[in-house]
Amino acid sequence: MSTPPLASTAGGTTLGQLLHTVLRALREGTHARGGPLPKGGPQAVTARVRAAVGEVLPRQGDPDALHTLVHAFAAGAADPADPLCTAHLHCPPLAVATAADLAASALNPSLDSWDQAPAASALETLVTRALADELHAGDALVTTGGTESNQLALLLARETRHAPEPLQLVCGANAHHSLRRAAWLLGLPEPVVVPTPDGILTPAALDAALTPLPRPVLVTATAGTTDAGLIDPLPDLADLCAARGARLHVDAAYGGGLLLSDHHRHRLHGLDRAHTVTLDLHKLGWQPAAAGLLAVRDSADLAVLAHHTDYLNATDDTAAGLPDLLGRSLRTTRRPDILKIAVTLKTLGREGLGALIDQVCALAAEFAALVDTHPGFELYAPPTISTVLFRPTGATDAAVADIRRQLLHDGRAVLGRAAPDGRLWLKATLLNPHTRPGDLAALLKLVEGNTPT
Ligand SMILES: *Cc1c(COP(=O)(O)O)cnc(C)c1O
């Protein structure tokens, strides 16, 4: 076998031919699937993948492996571009972002040192500054998503606290699970979890929780809860944190995208008062994963991430003007996720991105109206962002769970689940701007058809 061609230096031809194969396999695999999810459940999917792959590491290579595996990958995918795939904050990526991501793979810059990423690091500086400005923050770091952003937010709070006692995390019961995990990872005391019976963290409940706490405190609020898309009352919480000397982190992994819309931006009023903000552009930003950000109000807080190793940022190199990138992340090798983000921002512009946000919020309102006017369904609440919780009227929790699993098994619709009030609801997270009203009606009909009578 001759040495296989490289993505970049072999010129476009070989990569171009391989891309044709990839695109064909994607088309054929998607067609073979014939719905949002492969049919038959985990066992059937596993059997088909095993059969397609055969030997994982054969002695002799197989030139058809690209087609075979991409076909199996697509045939067995949960496809967020299918309008009936609406379970999670799992967005269909924009073609232009995906194309840009190919260039990132082909050139393979790594953002741990300037000599591996000259233009990539300059682009990252430019774009993160612009995004930080959007958020009225001092700086922003690129992360792998909300989980890493939340971890970093806790780390910065721990390292910049003004008292020797351990940092106490205080969050709502509505907060993302990654915050509790981050507290565990960072060796912080068990978080104080404030009850959120209405799905949002109220100032009164937070006030009661803060009163007995003498220690340095980090409060986290949520702008766009994962279960219901609810937004905590940010200005009131920021006032309270300021009065109590508590640091504030806002997890806007989901809701942060609303900043891009002139119609919906006002819902994030108060976001600029947070010390740190989590934002995920692989949710309301239509990026292929990963595209996370952590905005930091006071860029001096980032000093604690400074780290030195001679082969990446020797002091004399830095003194001679080579940018020091190691303090921009806890990772070492780091993909240039900024490229697809930069390309998307410039290709679509504010108007283009705002229109996508407005479109999915409008879809959620339409779906909620369909549910609300249907005698067989109950609506949890009018949607705040693009999440709609609903359940068949009078169904037991077990029946609701069964409906979801039956639809998954049949590969006909992908719905999520949430129990914000202790009862189980079906969750539709509408992130596909190509979804049409007819798709929403079809989704409801499918649920109706699988509801036991
Ligand atoms: C999705 C989500 C996260 C986690 O983000 P990942 O990108 O999956 O790591 C954190 N917080 C909220 C509110 C989220 O919705």
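The values are calculated or read from the model by the stated rules, or taken from the named source; none is laboratory data. These numbers were taken from a predicted model, which means no experiment stands behind them. Cβ atoms come from the backbone with ideal geometry, glycine included; neighbour counts cover every protein chain shown. SASA here: full protein model, heavy atoms, side chains in, ligands and nucleic acids out. Shrake-Rupley method; radii C 1.70, N 1.55, O 1.52, S 1.80 Å.
A few remarks follow.
- Out of Val45, Val56, one residue alone is free of Cβ contacts under 8 Å to residues at least 40 places away in the same chain, assigned to a helix (DSSP H, G or I) and not assigned by TED's automatic domain parsing to the domain that holds Gly255. It is Val45.
- No other residue among Asp112, Asp79 is under 30 Å from Leu389 (Cβ atoms) and either without any contact (Cβ under 8 Å) to a residue 12 or more places away in the chain or among the charged types (D, E, K, R) (or both) apart from Asp79.
- Index of the failed condition, Lys283 passing every other in (1) out of contact with any Asp or Glu (no Cβ under 9 Å at 6 or more places or on another chain); (2) at positive phi: (2)
- The set of residues in region 59-102 that are part of a helix (DSSP H, G or I) and of a type in the set (S, T, N, Q) comprises Thr68, Thr98.
- Among the residues of region 160-168, none qualifies, meaning not one is within 14 Å of the ligand (Cβ to nearest atom) and on the phi < 0 side of the Ramachandran plot.
- Sole exception among (1) in a helix (DSSP H, G or I); (2) within 16 Å of the ligand (Cβ to nearest atom); (3) touching a residue at least 24 places away in the same chain (Cβ under 8 Å); (4) open to solvent by 10 Å² or more (accessible area, probe 1.4 Å) for Val127, by number: (2)
- Residues in region 48-89 that are closer than 18 Å to Thr30 by Cα and small (Gly, Ala, Ser): Ala51, Ala52, Ala65, Ala72, Ala74, Ala75, Gly76, Ala77, Ala78, Ala81.
- Answer residue from region 136-147, given it is within 15 Å of the ligand (Cβ to nearest atom) and open to solvent by 20 Å² or more (accessible area, probe 1.4 Å) and is nearest to Gly245 (Cα to Cα) among those: Thr147
- Looking across region 250-277, the residues that are farther than 15 Å from His136 by Cβ and either open to solvent by less than 20 Å² (accessible area, probe 1.4 Å) or in the same structural domain as Thr384 (by TED's automatic domain parsing) (or both) come down to Asp251, Ala253, Tyr254, Gly255, Gly257, Ser261.
- Residues being assigned to a loop (DSSP other than H, G, I, E, B), open to solvent by 10 Å² or more (accessible area, probe 1.4 Å) and not hydroxyl-bearing (Ser, Thr, Tyr) - total across region 189-224: 13
- Residue within region 22-35 that is away from the ligand (no atom under 16 Å from the Cβ), within 27 Å of Lys340 (Cβ to Cβ), in contact (Cβ under 8 Å) with a residue 60 or more places away in the chain and outside the structural domain of Ile341 (by TED's automatic domain parsing) present: yes
- Some residue of region 160-177 being crowded, with 16+ Cβ neighbours inside 10 Å, modelled with pLDDT of 95 or more, touching a Leu at 6+ places or on another chain (Cβ under 9 Å) and assigned to a helix (DSSP H, G or I): no
- Region 178-188, subset open to solvent by 60 Å² or more (accessible area, probe 1.4 Å) and in contact (Cβ under 8 Å) with a residue 24 or more places away in the chain, residue farthest from the ligand (Cβ to nearest atom): Leu185
- Any hit, region 150-159, residues being open to solvent by 60 Å² or more (accessible area, probe 1.4 Å), away from the ligand (no atom under 16 Å from the Cβ) and in a loop (DSSP other than H, G, I, E, B): no
- Among the candidates Ala243, Ala238, Ala209, residue that is away from the ligand (no atom under 16 Å from the Cβ) and closer than 12 Å to Cys171 by Cα: Ala209
- Residues of region 66-108 that are over 23 Å from the mean Cα position of the chain (by Cα) and open to solvent by less than 40 Å² (accessible area, probe 1.4 Å): Val70, Ala72, Ala75, Ala106.
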